[in-house]
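Student: My questions all concern the structure below.
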Amino acid sequence: MARVVVVHGIGQEFVGPESLGREVGPALRDGVRLATASRLEPEDVECAFYGNLYFEEGTRSLDIPPWDETDVDEGLEIELLVAWWEQAARVDPDVLGPDVAGSRGPVGFGASRLLLSERVRAALDALSGSHFFAKVSDRLLIFALRQVHRYMTEPELKRLAQARIAEEIAEDTRVLVAHSLGSVVAYEALCAHPEWPVTDFITLGSPLGMRSVVFDRLQPPPTDGIGSWPGGVERWTNIADRGDIVALADRLAPRFGGRVEDVSVSNGVRMHDLLRYLTASRTGRAVARGLGG
């Protein structure tokens, strides 16, 4: 079994474990080789895949409805959408933030459905024009919101996603690398399984530090504003591009304690891209360290 397991995030639901693994494995091995001159074998890296859980059995992309602004749910989905909008405005000069994009007040509880729809429409338009989302369609943006929402609120989906990681953990697994929403799945799985032999947890573009939508909903819940340490992990390296909108809180040490090592990288114009993160030299060094290199 693999010494390194990689957990994907949102946006991988149209592939599978084998096809994604053919990209993830070489990218991670490149990162280690470029950073340390060490070489991993193909069998050292495995991909834990849960993307298909978001579709009913026997269905795929043709079953995504033509969602629009009226389909974004009040609460978690709107909170996440507006948080992405605000962050996009901070890092992208071409994006007007919610405070200047219109004369209406902010989206929130108690607003009329018409006002909510208008502001959601403004948020979708702003994000689709940002460098980060690069003209992503409304329905795919809403699908991303739904994936986060469903994982955070549906116990059975959460259980099944974490089980996909458990299937890949073996006696010789030492490093768990997790991207985007996958870092939330991996974190909760590690907390639930302190007996796992994983010594190094590496998070890439992680939303774990995002209050309300993610951090405050974690299992186990934070205590006095500090999240639990993930199981038996010895080292936690959090890697984020400062322009990565998903990694709203790009430093996790303030949320999970000073033992977290926060590291910055630059992924160019593909700030949240999984392969860019995996080939980064700082990711390679963190993986090599976990393997004793």
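What follows is calculated from the coordinates using simple rules that are stated; it is not laboratory data. Treat the numbers as computed from the prediction; the structure is a model and nothing was measured. Counting neighbours? That spans all protein chains shown, and the Cβs are built from the backbone with ideal geometry, glycine included.
Student: Roughly how many Å is it from the Cα centre of region 158-223 to that of region 15-60, as a whole number?
Tutor: 17
Student: Taking K and R as +1 and D and E as -1, what net charge do the other residues with C-beta under 14 Å from the C-beta of Val213 add up to?
Tutor: Once all neighbours under 14 Å are counted, the net charge is -1.
Student: Go through Leu20, Gly51, Gly31 and say which Cα lies farthest out towards the positive end of the charge dipole of region 3-74; charges sit on Cβ, +1 for Lys and Arg, -1 for Asp and Glu.
Tutor: Gly31
Student: Turning to a different aspect of this structure: Rounded to the nearest 20 Debye, what is the dipole magnitude of the chain about its Cα centre when Lys and Arg each give +1 and Asp and Glu each give -1 at the C-beta?
Tutor: For this selection, approximately 760 debye.
Student: Determine how many Å³ per residue the convex hull of the Cα atoms of region 1-88 encloses.
Tutor: 152
Student: Let me ask something else about it. Choose one answer from Thr279, Thr237, Thr223: the residue with the largest mean-square fluctuation in a GNM of the chain with alpha-carbon springs under 10 Å.
Tutor: Fluctuation is largest for Thr223.
Student: Stokes-Einstein at 37 °C, 0.692 mPa s, Kirkwood radius from Cα pairs: D for the chain in µm² s⁻¹?
Tutor: 169
Student: What's the longest bit of the chain with no exposed GluC sites (Glu not before Pro), using DSSP loop states and at most 12 other Cβ atoms within 10 Å as the test?
Tutor: 58-170
Student: Still on this model: Please compute the length gained on full extension between Ala192 and Ala37, using 0.36 nm multiplied by the number of residues separating them and subtracting their Cα-Cα distance.
Tutor: Contour length minus the Cα-Cα distance gives 52.3 nm.
Student: Taking K and R as +1 and D and E as -1, what net charge do the other residues with C-beta under 10 Å from the C-beta of Arg121 add up to?
Tutor: That works out to -4.
Student: Turning to a different aspect of this structure: Springs between alpha-carbon pairs under 10 angstrom, Gaussian network model over the chain: which of Pro65, Pro254, Pro230 fluctuates most?
Tutor: Pro65
Student: With Cβ to Cβ distances under 10 Å as the rule, what net charge do the other residues near Asp68 carry (K, R +1; D, E -1)?
Tutor: With Lys, Arg at +1 and Asp, Glu at -1, the neighbours total -1.
Student: Among Ile142, Ile245, Ile202, determine the one that fluctuates most according to a GNM of the chain built with springs between C-alpha atoms less than 10 Å apart.
Tutor: Ile142
Student: About its Cα centre, how strong a charge dipole does region 1-47 have in debye, to the nearest 20, once Lys and Arg get +1 and Asp and Glu get -1 at the Cβ?
Tutor: With only Lys, Arg, Asp and Glu charged at Cβ, the dipole is about 220 debye.
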